[in-house]
Amino acid sequence: MAQCGDVPQIALADMDQKPSGASASTLFRIAGIGASMAFGAMVASLFALRPVTDGFAFELNAPTIVSFVLAATFAWFYWRMVARMATEKSPEHRKRKFMVFSLGLVLVGIVSFLYPLKFIPEEKRYDVFFGLALAMACIGGVGVVMWKVKKFLDADLKRSEEDVDA
């Protein structure tokens, strides 16, 4: 009889196996669809922004729908490229193409973050930019800590592997 806290042995055996080609393909398909929808929605929301007297409003129109379709398609091809690079040996030209796509996604992300700032009233801009600078400093600090932890864990793993080999 199983008791509380017992771990089935089959579950432990399954964790050591690498995912099959079909499950990896399904994972990349789900990630690709999700990322495509999210990226399309983000870009479409930027195209839907319209200035009004007291800030901005969202207006659903033809350019919004077209931008959604184009951005979702871009993200879908990006994830197809990620899936191919994960499952196949990638030639150099595919890696360059991946870097260009990645740079494009980063640039669109930065623009999508900065574009709505134009709707901030002049008298509130200082406070908003001060808050953004503070947030960027905090995020940068967390990034540095995570990088240091990764370096520590990598060094510890290397040391433990050397101890096992010795």
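The values are calculated or read from the model by the stated rules, or taken from the named source; none is laboratory data. A quick note: this is a predicted structure, and the numbers were derived from the prediction, not measured. Positions of Cβ are generated from backbone atoms using ideal geometry, with glycine treated the same way; all protein chains shown enter the neighbour counts.
Listing for the model above:
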read-out: Selected residue (criterion: modelled with the highest pLDDT) from residues of the stretch 120-140 that are under 20 Å from P51 (Cβ atoms) and of a type in the set (A, V, I, L, M); value: V128
read-out: Long-range neighbours under 7 Å by Cβ, at least six apart or interchain, first residue in the same structural domain as A72 (by TED's automatic domain parsing) and free of Cβ contacts under 8 Å to residues at least 24 places away in the same chain within the stretch 26-48, second in a helix (DSSP H, G or I) and of a type in the set (G, A, S); value: F47/S67
read-out: Filter result for P51 (loosely packed, with under 12 Cβ neighbours inside 10 Å and either in contact (Cβ under 8 Å) with a residue 60 or more places away in the chain or touching a His at 6+ places or on another chain (Cβ under 6 Å) (or both)); value: yes
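Residue-wise test of (1) of a type outside the set (K, R); (2) loosely packed, with under 12 Cβ neighbours inside 10 Å.
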position: L60; (1), (2): yes, yes
position: S67; (1), (2): yes, no
position: A72; (1), (2): yes, no
position: R80; (1), (2): no, no
position: S112; (1), (2): yes, no
